[in-house]
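Undergrad: Sharing a structure below in structure tokens format, with a few things to ask.
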Amino acid sequence: MVRNSSLWVLMVMQLSLGIRSTIFTTKQNIPYIYAVSWSPDGSKLATANSDSTATIFSAATGEILSTFREHNDIVKGVSWFGWNKISNSSADQTAVVWSSTRAKKN
């Protein structure tokens, strides 16, 4: 993440053959991120966050599409499970599989 005025900018980089290129950027106000995972079709990016949430971003626009808020501690892992389900694990010693359409839109 890069600090840009009052917001953090999440930049996902692709490192290939020594070439560094930015493949995703958002200027949403986001917490510390522990893990990221691309959806199977590449249209979304899910993050595991320090504020006990998992967030889904549009890969095209960087807009937050939805946020899962049911953990009680840091979310440390996130992974797509099929086309519209996400699994995540938390320091609260739980793991959850949830529908990306069930999460609340910000």
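Undergrad: Does SER58 fit the bill of being surrounded by fewer than 19 Cβ atoms within 10 Å (Cβ to Cβ), among the hydroxyl-bearing types (Ser, Thr, Tyr) and either in contact (Cβ under 8 Å) with a residue 12 or more places away in the chain or over 14 Å from TYR34 (Cβ atoms) (or both)?
TA: Yes: the conditions hold for SER58.
Undergrad: Further question on the same structure: In the set SER66, SER87, SER79, which member is in a strand (DSSP E or B) and without any contact (Cβ under 8 Å) to a residue 40 or more places away in the chain?
TA: Going through SER66, SER87, SER79 in turn, the sole match is SER87.
Undergrad: Right, here's the next one. Can you find, within segment 61-98, the residue that is nearest to PRO31 (Cα to Cα) among those that are surrounded by fewer than 18 Cβ atoms within 10 Å (Cβ to Cβ) and aromatic (Phe, Trp, Tyr)?
TA: Top of the filtered list is TRP98.
Undergrad: Pick out the one residue from GLY77, GLY82, GLY42 that is at pLDDT 90 or above and either of a type outside the set (A, V, I, L, M) or under 11 Å from the mean Cα position of the chain (by Cα) (or both). I'd like the intermediate steps shown before the answer.
TA: Details: GLY82 fails: at pLDDT 90 or above; GLY42 fails: at pLDDT 90 or above.
Of the residues listed, the single one that is at pLDDT 90 or above and either of a type outside the set (A, V, I, L, M) or under 11 Å from the mean Cα position of the chain (by Cα) (or both) is GLY77.
Undergrad: What's the number of the condition PHE57 fails, among (1) at pLDDT below 90; (2) over 15 Å from PRO31 (Cβ atoms)?
TA: (2)
The values are calculated or read from the model by the stated rules, or taken from the named source; none is laboratory data. Please read all numbers here as calculations on a predicted model, not as lab measurements. Backbone-built Cβ (ideal geometry, glycine too); neighbour counts: all protein chains shown.
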